[in-house]
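J.: Can you read through this structure? Questions will come right after.
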Amino acid sequence: EVDWFSLASILFLLMFAPLIVYYFIMSCDQYQCSLIDPVIDLLTGNKYLSDIWNKTPTLTYRAAGIYTLWVAFQVVLYVCIPDFCHKFLPGYVGGVQEGAVTPAGVVNKYEINGLQAWIVTHVLWFANAYYFHCFSPTIIFDNWIPLLWCANILGYAVSTFAMIKGYFFPTNAKDCKFTGNFFYDYMMGIEFNPRIGKWFDFKLFFNGRPGIVAWTLINLSYAAKQQELYGQVTNSMILVNVLQGIYVLDFFWNEAWYLKTIDICHDHFGWYLGWGDCVWLPYLYTLQGLYLVYHPVQLGTANAIGILMLGLIGYYIFRMTNHQKDLFRRTNGNCKIWGKKPEYIECSYMSVDGTKFHSKLMTSGFWGWARHFNYTGDLMGSLAYCLTCGFDHILPYFYIVYMTILLTHRCIRDEHRCFSKYGKDWKRYTSAVPYRLIPGIF
């Protein structure tokens, strides 16, 4: 059932999320990244909405061609080229891997080759930049707003197709969820794992490709534009490229682990993931680099080192917390966390078909500090990205505000699911680990 608050939130996002993205990108293009000046201009009558809209670059054939080639290239890398990285990279898990059990009891197989796609894409990017010169490295920045319209077209198209597919030709009818509310079903999705053919999985492709592969390319294009405009790349831009590059590489190195996360294990595929991964992620997760093109910031040595350390410590917490959980799961608790046998709570749950399963919830290591301490590390890294931009404008700080809201909401969603799943065992767990994100505070 869809409660009124969920429905109101969904309607708000459907109506305003595209406008929010446009507003942020437009404010950089026309107002030097000021979020306040456009509002002042409109309220004072200096400009009308039509004036701002008429100055906005429109969809171009060039942008449409670039975007079509980009998505098609990522589809080819995803579907047609089996992973070979796992054959020579020690510790990397790639190739064919199994996902979690779906509510209908299905275990999907995935071709994990995101790291390979990232490497191939970036090798070609640098080869072009230094040798072939087929296009300028600033091509993404130079076509940024026309590419926004292309991303929106794909986001809405794939979301609409996924909904139609869920009604008329689902991959697995037993893994479909119908609430009876059109807006909720469109937003949150009907099919759990929509697929075309054996390997093209909508969720894995759009979550990881093309948006996250593009993330580092977008930042590189921003750096190239900064070099073109000012004759140098600032240390703040380098920090953004390095810290966000680490995050992206971590995602692809651990893509097999990602199959066990909330996005794949619980979320259905709708507009939230389809449009979000095509538009929201590449356009709003890269605001720091975009801002630094318009406002280059050269940080002092102490500030740069401090921001770098904050980002690296946040990444360490994020990665080690996830590693502890993954190790605990893989060994069924027969491992050592911080040099000793992990503590845990035994719990049980029932599947849809009435089968009883047993599980363990770890209460030691980082997971004894807080129930979602990996998110705490993620937020530290997010803050580091924003701090590279200084304090002259609020636009680059949208990311930390958004991530705080997103991850807090994800905590609540996850815990609601866990309480429904484990019942009284979950209460025992929350008594043992009372804090969600920040030990002693929240």
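J.: Taking the chain as a Gaussian network, where each spring joins two C-alpha atoms under 10 Å apart, which residue of CYS386, CYS347, CYS134 fluctuates the most?
T.: For the chain, modelled as a Gaussian network with Cα springs under 10 Å, the answer is CYS134.
J.: Same structure, new question: Any idea what the relative contact order of the chain is, in percent, if you count C-alpha pairs under 8 Å spaced at least 6 apart?
T.: Numbers: 599 pairs, mean separation 69.4, N = 442.
The normalised contact order for the chain reaches 16 percent.
J.: Also, quick follow-up: Need the C-alpha centroid separation for segment 3-36 versus segment 187-211, integer Å.
T.: Using only Cα atoms, the two centres lie 25 Å from each other.
J.: Near LYS336, which aspartates and glutamates are there with a Cα under 17 Å away, not counting those fewer than 8 places off in the same chain?
T.: ASP326
J.: Could you identify which residue out of GLY245, GLY300, GLY45 has the top mean-square fluctuation in a GNM of the chain using Cα springs shorter than 10 Å?
T.: Largest GNM mean-square fluctuation: GLY45.
J.: What does segment 1-78 give for Rg and for Dmax, in Å, if only its C-alpha atoms count?
T.: Just the Cα atoms of segment 1-78 yield Rg and Dmax of 17.7, 51 Å.
J.: Next question, about the same structure. What is the spread of the Cα atoms of segment 301-441 along each of their three principal axes, largest first, in whole Å?
T.: Rounded to whole Å, the extents work out to 57, 33, 27 Å.
J.: Which pairs in the list LYS203/LYS424; LYS109/LYS421; LYS341/LYS424; LYS177/LYS203; LYS109/LYS203 are over 21 Å apart, alpha-carbon to alpha-carbon? Present the calculation step by step, with values, prior to reporting the outcome.
T.: Details: LYS203/LYS424 32 Å; LYS109/LYS421 25 Å; LYS341/LYS424 25 Å; LYS177/LYS203 16 Å; LYS109/LYS203 13 Å.
Pairs exceeding 21 Å: LYS203/LYS424; LYS109/LYS421; LYS341/LYS424.
J.: Using DSSP to define loop residues, name the chymotrypsin sites (Phe, Trp or Tyr not before Pro) in segment 322-383 whose beta-carbon has at most 12 other beta-carbon atoms within 10 Å. Before the final figure, lay out each step's value.
T.: Numbers: sites: PHE328, TRP338, TYR344, TYR349, PHE357, PHE366, TRP367, TRP369, PHE373, TYR375; in loops: TRP338.
For chymotrypsin sites (Phe, Trp or Tyr not before Pro) across segment 322-383 that sit outside H, G, I, E and B with at most 12 neighbouring Cβ atoms in 10 Å, the list reads TRP338.
J.: With all distinct Cα pairs included, what does the Kirkwood hydrodynamic radius of the chain come out to in Å, to one decimal, could you say?
T.: Values: mean 1/r = 0.0427 Å⁻¹.
Computed over Cα pairs of the chain, the Kirkwood hydrodynamic radius comes out at 23.4 Å.
J.: Please work out how much length the chain gains when fully extended from LEU124 to ASN334, using 0.36 nm per residue of separation minus the C-alpha to C-alpha distance, in nm with one decimal.
T.: Numbers: separation 210, 0.36 × 210 = 75.60 nm, distance 4.36 nm.
Length difference between fully extended and current span is 71.2 nm.
J.: Reachable lysines from LYS427, Cα under 21 Å, same-chain residues fewer than 8 places away excluded?
T.: LYS325, LYS356, LYS360
J.: List the trypsin sites (Lys or Arg not before Pro) within segment 320-424 that fall in a DSSP loop (any state other than H, G, I, E or B) and whose Cβ has at most 13 other Cβ atoms within 10 Å.
T.: In loop regions of segment 320-424 (DSSP not H, G, I, E or B), the sparsely surrounded trypsin sites (Lys or Arg not before Pro) are LYS336.
J.: Next question. Sum -39500 (n - 2.57) across every DSSP H segment of at least 4 residues in the chain, then divide by the residue count to get the 222 nm mean residue ellipticity, nearest 500.
T.: Working: 21 runs with 265 residues, N = 442.
Value at 222 nm, helices only, nearest 500: -19000 deg cm²/dmol.
J.: While we're looking at this one, here's another question. If you average 1/r across every pair of different Cα atoms in segment 207-250 and take the reciprocal, what Kirkwood value do you get, in Å? If you can, show how the numbers build up before the last one.
T.: Working: mean 1/r = 0.0925 Å⁻¹.
When all Cα pairs of segment 207-250 are included, the Kirkwood radius is 10.8 Å.
J.: Also: In whole Hz, what ³J(HN,Hα) sequence does segment 335-348 give by Karplus (6.51, -1.76, 1.60; θ = phi - 60°), x for Gly and Pro?
T.: Taking θ as phi minus 60°, the curve returns 8, 10, 10, 6, x, 9, 4, x, 8, 7, 10, 6, 8, 9 Hz for segment 335-348.
Coordinate-derived values only; no laboratory data. Here the structure is a predicted model, which means the values were calculated and not measured. Cβ coordinates were reconstructed from backbone atoms using ideal geometry, including for glycine residues, and neighbour counts include every protein chain displayed.
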